[in-house]
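Each remark here refers to the structure printed beneath this line.
The values are calculated or read from the model by the stated rules, or taken from the named source; none is laboratory data. What you see is a predicted model; the values in this text were computed from it and never measured. Using ideal geometry, Cβ is built from the backbone for each residue, glycine included, and neighbour counts are taken over all protein chains shown.
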Amino acid sequence: MELTKEWRKSSYSGGNGGHCVEAKRTSDGAALRDTQNRSLGHIEASRLEWGALLTAVKGATE
């Protein structure tokens, strides 16, 4: 997923109302939120933290 300054839904999020995550670029990294519970806010990760998360997730799916 290429991050932009606008929220983008994960390509792995289905249209069936399942578990969905949105992400966007911040000045220092990325922000993540639950699509179905946007009012609960979001979490932010620095570039280093975001990179580590992506590495971990990619490693878990291989």
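If the Cβ limit is 7 Å and pairs must be 6+ apart or interchain, which residue in the stretch 45-60 that is at pLDDT 90 or above pairs with which residue that is of a type outside the set (Val, Ile, Thr) and part of a helix (DSSP H, G or I)?
So the pair list comes out as ALA45/LEU53.
Please determine, by comparing only the residues of the stretch 27-52 that are among the hydroxyl-bearing types (Ser, Thr, Tyr) and not in a helix (DSSP H, G or I), which one is surrounded by the most Cβ atoms within 10 Å (Cβ to Cβ).
Looking at residues that are among the hydroxyl-bearing types (Ser, Thr, Tyr) and not in a helix (DSSP H, G or I), I get SER46.
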